[in-house]
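Have a look at this one before I ask anything.
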Amino acid sequence: MKQVMSLCICIFLLGACAGTGPGAAPRYRMVTERETPYYLGTDADKVEDTCPGNDILKQYSCPRKQTDGFTCFDVYLAQGSPVNNQRYTLLQERIERQAVSPQPQCPVMEPTCEAFLQALNYNLEFSWYLVNFPTSSFPQCRETYDCKRIDCYLPPQPQNGINESTLVSCVYKRNQLFFVGSEISCRQVPR
């Protein structure tokens with residue numbers, strides 16, 4: 001019985017060694033080499049993924065059957081805070097003259113929402129210009145639940161013929177998703 005067991009072990013070891021000998025084909029696995037990703041923007045229409053499937057929502061990984069040395073530009077969705085000037089999307093801008101006291105008074109700026117946002121350093125989180133408003137009136141706000149309205153007044157300028165305060169009212173949707181991209185290469189490496 002010991003001899004039969006020893007013979008089985010020897011046959012098993014010889015079989016295992018035969019698969020790794022000089023005549024056996026080497027075994028490889030495919031790896032995805034990814035360069036450092038960089039920020040592309042928040043607009044899906046302005047990004048292009050050149051990898052198979054052109055999927056801009058998720059990362060591409062090289063399949064086993066991909067050719068060695070294949071390269072493409074992979075675009076995918078990330079969550080967080082985009083760069084300052086793309087952090088918010090303007091949904092409504094209202095500039096109108098009103099016979100009211102200019103409170104709260106606007107920072108020194110042009111009467112535009114873009115200038116207002118810049119004056120607040122693209123940060124609407126703790127601004128005293130925030131106004132409660134029904135977000136349900138904007139379909140984009142129902143999607144993200146993160147919209148803000150900011151109001152301020154520019155004082156009258158009698159020297160320029162403006163005798164009323166100027167209301168600058170802006171509704172912004174906060175962007176929380178953006179696209180990043182990186183060049184990738186598919187490489188075969190030995191197992």
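Residue by residue, what Karplus-based ³J(HN,Hα) values in Hz, rounded to whole numbers, does the range 98-103 have, using 6.51, -1.76 and 1.60 with θ = phi - 60° and x for Gly and Pro?
Values, residue by residue: 9, 8, 9, 5, x, 10 Hz.
Still on this structure, please answer the following. Determine the gain in length on full extension of the stretch Ser61-Glu35; use 0.36 nm per residue of separation and subtract their C-alpha separation, reporting nm with one decimal. List each step's numbers first, then the result.
Numbers: separation 26, 0.36 × 26 = 9.36 nm, distance 1.30 nm.
Going from the current span to full extension adds 8.1 nm.
Then there's this: Short version: ³J(HN,Hα) in whole Hz for each residue of the range 170-187, in order, from phi by Karplus 6.51 cos²θ - 1.76 cosθ + 1.60 (θ = phi - 60°), x for Gly and Pro, what are they?
Those phi angles translate into 9, 10, 10, 9, 7, 8, 10, 10, 8, 10, 10, x, 7, 6, 10, 10, 9, 10 Hz.
Just want to confirm a number: the relative contact order over the range 74-191, from Cα pairs under 8 angstrom separated by 6+ residues, in percent. Present the calculation step by step, with values, prior to reporting the outcome.
Working: 199 pairs, mean separation 51.0, N = 118.
The value is 43 percent.
Accessible area per residue of the chain at 1.4 Å probe, in Å²? Could the numbers behind the result be given before it?
Details: 12630 Å² over 191 residues.
Ligands and nucleic acids excluded, the result is 66 Å² per residue.
Can you tell which of Gly161, Gly181, Gly53 shows the greatest fluctuation in a Gaussian network model of the chain with Cα springs below 10 Å?
Gly161
Which residues' amide hydrogens lie under 5 Å from the amide hydrogen of Cys51, considering only partners 5 or more residues apart or on another chain, with H built in the peptide plane?
Long-range HN contacts for Cys51: Phe73, Val75.
Right, here's the next one. For Val83 and Gln157, FRET efficiency with R0 = 35 Å and r from the beta-carbon atoms, rounded to 0.05?
Numbers: r = 34 Å, r/R0 = 0.97.
About 0.55, to the nearest 0.05.
Note the per residue figure in Å³ for the convex hull of the C-alpha positions in the chain. Mind showing how you got there, number by number?
Details: hull volume 39.0 nm³, N = 191.
Each residue corresponds to 204 Å³ of Cα convex hull volume.
Ignoring ligands, DNA and RNA, what percent of the 1.4 Å accessible area of the chain is carbon and sulfur?
Details: 6680 of 12630 Å².
Ligands and nucleic acids excluded, carbon and sulfur reach 53 percent.
Could I ask something else about it? Taking H placed 1.01 Å from N in the peptide plane, check which residues at least 5 places from Tyr88 or on another chain put their amide H under 5 Å from its amide H.
Here the answer is Asn175, since their amide H atoms fall under 5 Å of that of Tyr88.
Describe numerically, in nm with one decimal, the distance between label points set 7 Å from Cα along Cα→Cβ at Arg142 and at Glu48.
Placing both labels 7 Å along Cα→Cβ, they lie 3.6 nm apart.
Further question: Using only the C-alpha atoms of the range 134-191, find the volume of their convex hull and express it per residue in Å³. Working shown, then result.
On the way: hull volume 10.8 nm³, N = 58.
Value for the range 134-191: 186 Å³ per residue.
For the chain, with a Gaussian network of springs between Cα atoms less than 10 Å apart, report the residue from Arg29, Arg174, Arg94 with the top mean-square fluctuation.
Arg29
Which residue, Thr166, Thr67, Thr42, has the most motion in a Gaussian network model of the chain that connects Cα atoms within less than 10 Å?
Maximum fluctuation in the GNM of the chain, among the listed residues, is at Thr67.
Could you run the Karplus curve 6.51 cos²θ - 1.76 cosθ + 1.60 with θ = phi - 60° over the range 117-132 and give me ³J(HN,Hα) per residue in whole Hz, x for Gly and Pro?
After applying 6.51 cos²θ - 1.76 cosθ + 1.60, I find 5, 5, 5, 8, 6, 6, 10, 9, 5, 10, 7, 7, 8, 5, 10, 6 Hz.
Helix 2-18 versus the longest principal axis of the chain: what angle, 0 to 90°, nearest 10, using Cα atoms?
On a 0 to 90 degree scale, this one is about 50.
The values are calculated or read from the model by the stated rules, or taken from the named source; none is laboratory data. Note that the structure is a prediction, hence the values are computed from the model and not measured. Virtual Cβ from ideal backbone geometry, glycine too; neighbours counted across all protein chains shown. These accessible areas exclude ligands, DNA and RNA; they are computed on the full protein's heavy atoms, side chains included. Shrake-Rupley method; radii C 1.70, N 1.55, O 1.52, S 1.80 Å.
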